[in-house]
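Written below as structure tokens is the structure these notes are about.
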Protein chains: 2
Amino acid sequence: MTLTLVSQSKHFGGLLAKYSHASAVNQCTMTFNIFLPKAAAEHQTKVPVLYCLGGLTATEDNFAQKAGAASRAAQYGLALVFPDTSPRGVDFAEAGASDDIGYSAGFYLNATQAPWDKNWKMYDYISKELPQVLSANLPIGGHGALTIFLKNQTAYKSVSAFAPILHMSKSNWGRFALPKYLGDDQSTWKEYDSVELFKLHHAQKTLRTDFNVLIDQGTGDKFLKDNLHTSDLIEFVEKEGLEKQFTIRYQDGYDHGYFFIATFANDHVDHHAKALGLTLSH
Amino acid sequence: MTLTLVSQSKHFGGLLAKYSHASAVNQCTMTFNIFLPKAAAEHQTKVPVLYCLGGLTATEDNFAQKAGAASRAAQYGLALVFPDTSPRGVDFAEAGASDDIGYSAGFYLNATQAPWDKNWKMYDYISKELPQVLSANLPIGGHGALTIFLKNQTAYKSVSAFAPILHMSKSNWGRFALPKYLGDDQSTWKEYDSVELFKLHHAQKTLRTDFNVLIDQGTGDKFLKDNLHTSDLIEFVEKEGLEKQFTIRYQDGYDHGYFFIATFANDHVDHHAKALGLTLSH
């Protein structure tokens with residue numbers, strides 16, 4: 001699997017590069033941005049990598065351009081990968097007809113229903129194909145969103161999220177998109193529902209206890225009530241006494257946008273750097 | 001002159017707000033973003049302000065969304081204003097026909113030639129009207145780009161620039177746009193040419209000596225040779241022995257884009273904060 005360099009710019013001593021590549025699982029051309037710190041960009045030194053997954057309406061550019069996270073990542077010698085959020089350029093009209101399904105709305109799931117099942121394999125893309133493409137082509141040591149982390153707990157060292165859809169099956173977005181992507185059998189929805197996955201793994205005693213999940217949620221976020229359901233996770237955490245494993249922060253007055261993300265992006269980089277044993281030495 | 005609030009988001013403890021207003025000098029609706037640190041946003045405390053002027057192809061959003069400067073400004077208690085770079089929505093087709101003249105290419109000049117002379121008064125807008133609009137409506141104390149600074153040396157405390165067009169009359173961009181905006185008499189071009197203005201004020205002994213101009217220029221900037229002419233300013237500075245007043249930094253390998261700006265934005269905030277006597281106390 002070869003990478004095509006689309007553009008590159010020096011950034012915080014390292015390199016912000018955009019690549020495209022043929023995706024076998026999504027059956028289309030996928031594009032991502034990557035920040036390589038100086039050691040990797042100049043000396044091909046292998047460095048750890050943090051996956052920064054965008055949300056609804058985002059592309060590979062939003063977090064890369066607007067979060068300001070490369071500043072701190074450069075100091076840690078940490079690479080940042082910014083994948084696109086869905087397949088692109090497919091040949092059926094529904095793909096581009098709505099903000100809530102199709103382009104920029106991949107929800108990191110593997111669709112099982114036509115016409116989505118041919119290309120919408122974002123779960124496999126993020127958890128399997130992209131890591132392989134990266135490690136085969138770029139100097140990163142290999143191995144962070146909530147559902148992917150939960151189902152691959154040994155592949156990632158840490159996880160955090162900004163304003164995540166925590167209870168997908170209950171959210172308006174999920175109730176619109178999931179029947180189309182996965183069908184009407186709601187048992188299939190739980191595979192991509194963080195609260196349900198946390199509950200399942202905890203009941204099965206397969207939830208790792210040596211990690212801390214950092215979640216920042218703005219209280220001014222207009223999607224909080226009907227789509228994000230942060231309180232459902234808090235209720236689970238409190239009921240099960242899992243406070244040591246979760247740091248769920250309500251940030252007063254912040255909304256759902258990049259001005260919120262940028263404010264706390266470096267906190268998240270710090271969180272992952274700590275889990276990776278990195279220190280501010282660069 | 002009243003402001004219309006377009007949007008606002010909490011950002012680094014303060015507020016990133018977009019406003020529009022009727023512009024008397026540009027005879028159209030103008031839009032700007034402003035970052036207000038907490039003291040100003042929450043307590044209406046008057047704070048100093050740094051004007052962040054965008055370049056070709058930019059709007060009021062580029063620097064606000066991509067530079068990451070609000071992080072440091074919040075710590076200094078400094079407001080940041082991000083004006084648009086040209087009039088918008090005017091009623092003649094040339095305004096939107098080129099990247100190098102018209103929309104997003106105001107060059108901060110007062111046009112004297114039709115059809116531009118009705119709306120393209122960006123010099124007056126930035127140096128006079130916008131400061132008045134801001135001080136009348138927002139809690140800023142009032143007090144930075146090179147040509148505007150040079151012609152208003154008592155109104156500003158400091159100035160800095162990223163990859164500026166230093167010798168406008170010689171640049172390809174200037175030689176294309178200036179005849180259209182100002183006519184063929186090249187003596188009128190010098191009013192908006194930084195190197196020529198530095199030379200003029202130095203010869204007239206009207207160049208302030210109590211400031212330091214910070215300029216960052218990437219060596220990988222494709223516009224360096226034919227449009228920016230950094231070496232012309234350096235030649236002037238060295239010939240006249242003005243090294244104390246200028247800090248001109250070539251940044252190895254950086255290009256003309258926002259990944260370059262973001263890398264050094266906090267250096268510039270530090271530069272202005274020092275000139276304003278601000279300390280990192282917030």
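Show the residue pairs meeting these rules: Cβ distance below 6 Å; 6+ apart or different chains; first residue within region A:3-16 and facing another protein chain (nearest Cβ under 8 Å); second residue in a loop (DSSP other than H, G, I, E, B) and open to solvent by less than 60 Å² (accessible area, probe 1.4 Å). Going by the 6 Å Cβ cut-off, the qualifying pairs are A:Ser9/B:Asp255; A:Ser9/B:Gly257; A:Lys10/B:Gly253; A:Lys10/B:Tyr254. Taking region A:61-92 as the range and being closer than 23 Å to A:Trp173 by Cα and open to solvent by 20 Å² or more (accessible area, probe 1.4 Å) as the test, the residues that pass are A:Asp61, A:Asn62, A:Phe63, A:Arg88, A:Gly89, A:Val90, A:Phe92.
Please find, among A:Leu233, A:Leu197, the residue that is buried (at least 21 other Cβ atoms within 10 Å of the Cβ), more than 14 Å from chain B (Cβ to nearest Cβ) and either under 30 Å from A:Ala73 (Cβ atoms) or of a type in the set (Lys, Arg) (or both).
Details: A:Leu197 fails: buried (at least 21 other Cβ atoms within 10 Å of the Cβ).
It is A:Leu233.
Is it the case, given these coordinates, that B:Tyr250 is open to solvent by 70 Å² or more (accessible area, probe 1.4 Å) and in contact with a strand residue (DSSP E or B) (Cβ under 9 Å, 6 or more places away or on another chain)? Judged against the criteria, B:Tyr250 is a match.
In region A:38-56, of all residues being hydrophobic (A, V, I, L, M, F, W, C) and modelled with pLDDT of 90 or more, the one that is farthest from A:Ala105 (Cα to Cα) corresponds to A:Ala39. Against the conditions (1) within 14 Å of chain A (Cβ to nearest Cβ); (2) surrounded by 22 or more Cβ atoms within 10 Å (Cβ to Cβ); (3) not acidic (Asp, Glu), where does B:Met122 fall short? Just the number, please. So the condition that B:Met122 fails would be (1).
Please determine whether any residue of region B:149-161 is of a type in the set (Val, Ile, Thr), at pLDDT 90 or above and open to solvent by 40 Å² or more (accessible area, probe 1.4 Å).
Residues of region B:149-161 that are of a type in the set (Val, Ile, Thr), as a first pass: B:154, B:159.
Going one step further and asking which of them are at pLDDT 90 or above, we end up with none.
Checked region B:149-161: no residue is of a type in the set (Val, Ile, Thr), at pLDDT 90 or above and open to solvent by 40 Å² or more (accessible area, probe 1.4 Å).
Of the residues making up region A:151-165, those that are among the aliphatic types (A, V, I, L, M) and over 12 Å from A:Ser127 (Cα atoms) are A:Val159, A:Ala161, A:Ala163, A:Ile165. Can you name the condition, by its number, that A:Leu5 falls short on among (1) under 18 Å from B:Tyr254 (Cβ atoms); (2) within 21 Å of the chain's Cα centre (by Cα); (3) hydrophobic (A, V, I, L, M, F, W, C)? For A:Leu5, the failing item is (2).
The test for being small (Gly, Ala, Ser) and open to solvent by 10 Å² or more (accessible area, probe 1.4 Å) holds for B:Gly277. Those helices (runs of 4 or more DSSP H) of region B:26-82 in which at least 2 residues are within 14 Å of another protein chain (Cβ to nearest Cβ) and within 30 Å of B:Asn227 (Cα to Cα), considering only elements entirely within it, cover B:62-66. Scanning region B:200-219 for residues that are open to solvent by 60 Å² or more (accessible area, probe 1.4 Å) and of a type in the set (Lys, Arg) returns a single hit, B:Lys205. Look at (1) under 30 Å from B:Ala67 (Cβ atoms); (2) outside any loop (DSSP other than H, G, I, E, B); (3) modelled with pLDDT under 95; (4) open to solvent by 70 Å² or more (accessible area, probe 1.4 Å) and you find that A:Lys222 fails only one, number (2). Counting only helices (runs of 4 or more DSSP H) wholly contained in region B:88-189, the ones carrying 1 or more residues that are within 16 Å of the chain's Cα centre (by Cα) occupy B:130-137, B:146-151.
Among residues of region A:229-240 that are within 11 Å of A:Phe198 (Cβ to Cβ), those with a beta-carbon under 8 Å from a residue that is open to solvent by 70 Å² or more (accessible area, probe 1.4 Å) and assigned to a helix (DSSP H, G or I) at least six positions away or on a different chain give the pairs A:Phe236/A:Lys199; A:Val237/A:Glu243.
Can you tell me which residue within region B:236-255, out of those that are outside any helix (DSSP H, G or I) and more than 9 Å from chain A (Cβ to nearest Cβ), is farthest from B:Gly55 (Cα to Cα)?
B:Gly241
Kindly indicate whether B:Asn119 is at pLDDT 95 or above and within 24 Å of B:Lys157 (Cα to Cα). In short, no.
Candidates in region B:256-282 are the residues that are assigned to a loop (DSSP other than H, G, I, E, B) and farther than 30 Å from A:Asn33 by Cβ; of these, the one that is nearest to the chain's Cα centre (by Cα) is B:Leu276.
The values are calculated or read from the model by the stated rules, or taken from the named source; none is laboratory data. Keep in mind that this is a model prediction, so the values were computed, not measured. Please note: Cβ atoms are built from the backbone with ideal geometry, for glycine as well, and neighbour counts cover all protein chains shown. Areas reflect the complete protein model, heavy atoms only, side chains present, ligands, DNA and RNA absent. Shrake-Rupley method; radii C 1.70, N 1.55, O 1.52, S 1.80 Å.
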